[in-house]
Amino acid sequence: AVGSAEALEMRRHVLSVVRSHHSARAGERRDCPPPPAGGGPCRCCWHADFMGGSRTRGRAGHDVDLLLWHATEPNSWGEGEEACVLLPLLRELLLPAGGATGPGLLPKEEARLQLVRRPHAEKQRRDADGARAYLPRRKAAAARDRGSDILHGDWHDKAYGIWRNTAGRHRRIDIVVVAFPDELPYARLNWTGSRTLNRLLRHRAIQLGLHLTANGLTAHPPTGRGRQETTVVLDARPGRERVEVALVGHAPVPDCTSEEEVLRVLAGGTDAFAGIYDPLMRNA
């Protein structure tokens, strides 16, 4: 297993490179210190959160999953290799072939290194209902409608590789860069898991006429029934004014800025899923 100190060092190294590149683009230092106890992360810097087992168990497991995100910036801003977060990051993290000393990623000549990156232009397209064009549509495959393919439609940039630390030990590492700031709650929910919980949540979304992915929660109305409108309850908690929204077509569910709010929508506007607001309770 990866030790806590080792996992923290891996995160520190990755984040230092991301923030260095961001500072160069911004023309000023973008490397704020950690917030004080009880404080939230700053909005000017990139951040790196542990996902997967590190989040559901509260400690590192057999690998390290990192989610890179920014409060206001997307993961790409043009088609060139320099106009994104992931490619310059990998270029700097990659170790030269031939047994170079870490820390860093092993090159393809020595270990598995998989890159999954979506074209910038395709991320920008919007449909008439306001949803990003890459979010699910009714023409999706039947297997996806059953909620069985957890990562289908994940449009965040990703790299899967093997990390060599300074002691020469090798660890698996997954790096995910959030596509757009408003997709952060869905990325966190999906990449935290567990896989079983993700399946259950996707099935629940289908029951409500919705579709849940790592990028968003959208209406998923049946076809051939005239004006396609889906009513979604955002808040139905006791003592509060009931909040509903009618979504036309495949429009995205609005106002979900946290995992808790996403889970509340899936619970029909209630706190019935409050037991899994804490990631440590998501080991189903």
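The values are calculated or read from the model by the stated rules, or taken from the named source; none is laboratory data. Everything quoted here is computed from the prediction, not taken from an experiment. Cβ coordinates were reconstructed from backbone atoms using ideal geometry, including for glycine residues, and neighbour counts include every protein chain displayed. Surface areas here come from the heavy atoms of the whole protein model, side chains and all, with no ligands, DNA or RNA. Shrake-Rupley method; radii C 1.70, N 1.55, O 1.52, S 1.80 Å.
Considering segment 209-242 alone, what residues qualify as being in contact with a strand residue (DSSP E or B) (Cβ under 7 Å, 6 or more places away or on another chain) and closer than 15 Å to residue 262 by Cβ? Across segment 209-242, the qualifying residues are 210, 211, 216, 217, 218, 219, 232, 233, 234, 235.
When the residues of segment 38-51 are filtered to those that are assigned to a loop (DSSP other than H, G, I, E, B) and not basic (Lys, Arg), which remaining residue is most open to solvent (accessible area, probe 1.4 Å)? Ranking the qualifying residues of segment 38-51, first place goes to 38. Here are some residues: 1, 5. Which one is part of a helix (DSSP H, G or I) and loosely packed, with under 13 Cβ neighbours inside 10 Å? Answer to the check: 5.
Of all the residues in segment 185-208, those that are at pLDDT below 95 and of a type in the set (Gly, Ala, Ser) number 2. Against the list (1) open to solvent by 40 Å² or more (accessible area, probe 1.4 Å); (2) farther than 26 Å from residue 22 by Cβ; (3) at pLDDT 90 or above; (4) not acidic (Asp, Glu), the condition residue 117 fails is (2).
The residue that is farthest from residue 173 (Cα to Cα), among those in segment 53-99 that are acidic (Asp, Glu) and touching a residue at least 12 places away in the same chain (Cβ under 8 Å), is 79. Among the residues making up segment 8-28, a single one is exposed (fewer than 14 other Cβ atoms within 10 Å of the Cβ), within 27 Å of residue 166 (Cα to Cα) and of a type in the set (D, E, K, R): 12.
Kindly indicate the residue of segment 52-76 that is open to solvent by less than 20 Å² (accessible area, probe 1.4 Å) and assigned to a loop (DSSP other than H, G, I, E, B) and also nearest to residue 30 (Cα to Cα) among those meeting that condition. Out of the qualifying residues, it is 75.
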